[in-house]
Amino acid sequence: MSSYRAIRNAASSERLTTWRVGWLRQDVIRAHSCHRAWWELKLRNGEAIRAIGNPRHHAVLHVERRNYEPRAYRHVIAVSNGVARELTRFHGAPPERISVIPNGVDTARFQPRDAAERRRRVRERHGISPDTVVLLFVAKEFRRKGLGRPIDALPLLAEHVCILVVGGDGSTPIRHQAARLGVRKRVIFAGHSAAVQGYFQAGDVFVFPTLYDAFALVSLQAAAAGLPPVTSRVNGTEDFVVPGVNRFFSERHDIDVARTLAPRVDDAALRLRPGERARRDASPYTWDAAVSATLEVYREVCRQKHAAFR
């Protein structure tokens, strides 16, 4: 039985209502992000006109605000400690009514026995030589996930370094950026891939300088594959990343990104050791653990409901 089906069946059998988007009244809210926090970030980044003019934001903010009215829910499952803090800060959700249950990752899927062969095939497909250091970027929203930052840093890195981009977002602005910086040939766009695990085998360092995330699943996937993730200090990663093992970007500048990446592209040992540690650190993040913790929240909410009717 899939993880989703197990949770859905448990909710149905216990007469619980659980929603990810919003409703008038629910027992459990599964919070995979806090849109109000993202909204505030856009305003701070000078995107007020674009954000305010988009009716989708207003609709989502309205639903989210209704979701977290004190009598609108019993409990919240947040995907990270950062999201839990945001819900308390922006919506007044009491910490005692929030459980943090992170995403899981299928470690076996990202540790295939034929990893070396997959690495060779992917690199050959995209014309990447064996001695090229590949900075892997996997995402759908290139702008929000920060792809522009490692591209800005690429001219400061050695010629044998390239960026392999996997994802289906529009690439025209990024291509223009790379061409303007003189690194167009060093940025390879693979497009969307249903077999993304092969690309994790082809990479050497995972770059993910995202502006906002609740807990990016790709960070866990990269770690499970043995890639040291170089990311920003955002929700989820702060729960998982160990400073000195998986580096943070301290500032949003190309020179800072380059300084963070340079030792890892010049020294294979500095990639392998953190990668091995990242793989071990990802092992507790299983879907079985996520399902077990979720079911325990449901049982506790059921006990509360039954006690209220006595």
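The values are calculated or read from the model by the stated rules, or taken from the named source; none is laboratory data. Nothing here was measured: the structure is a model prediction, and the numbers come from that model. A quick note on method: Cβ atoms are made from the backbone with ideal geometry, for glycine too, and the neighbour counts reach across all protein chains shown.
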Quiz item: In this structure, does Arg109 turn out to be under 30 Å from Glu276 (Cα atoms) and surrounded by 12 or more Cβ atoms within 10 Å (Cβ to Cβ)?
Solution: yes
Quiz item: Checking Val138 against (1) touching a residue at least 40 places away in the same chain (Cβ under 8 Å); (2) more than 30 Å from Pro173 (Cβ to Cβ), which single condition isn't satisfied?
Solution: (2)
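For the structure I just gave you, tell me whether Arg277 is under 23 Å from Arg109 (Cβ atoms), at pLDDT below 90 and either in a helix (DSSP H, G or I) or not charged (D, E, K, R) (or both). Even if it seems obvious, please write down each step before you answer.
Values: under 23 Å from Arg109 (Cβ atoms): yes; at pLDDT below 90: yes; either in a helix (DSSP H, G or I) or not charged (D, E, K, R) (or both): yes.
It is true that Arg277 is under 23 Å from Arg109 (Cβ atoms), at pLDDT below 90 and either in a helix (DSSP H, G or I) or not charged (D, E, K, R) (or both).
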Self-check item: Selected residue (only one of Arg109, Arg143 is closer than 28 Å to Val183 by Cβ and either charged (D, E, K, R) or in the same structural domain as Asn81 (by TED's automatic domain parsing) (or both))
Solution: Arg143
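Which of the following residues is part of a helix (DSSP H, G or I), aliphatic (A, V, I, L, M) and at pLDDT 85 or above: Ala258, Ala262, Ala293? Walk me through it before giving the result.
On the way: Ala258 fails: at pLDDT 85 or above; Ala262 fails: at pLDDT 85 or above.
Within the list Ala258, Ala262, Ala293, the selection yields Ala293.
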Self-check item: Arg121, sole failed condition from (1) without any contact (Cβ under 8 Å) to a residue 12 or more places away in the chain; (2) assigned by TED's automatic domain parsing to the domain that holds Val234
Solution: (1)
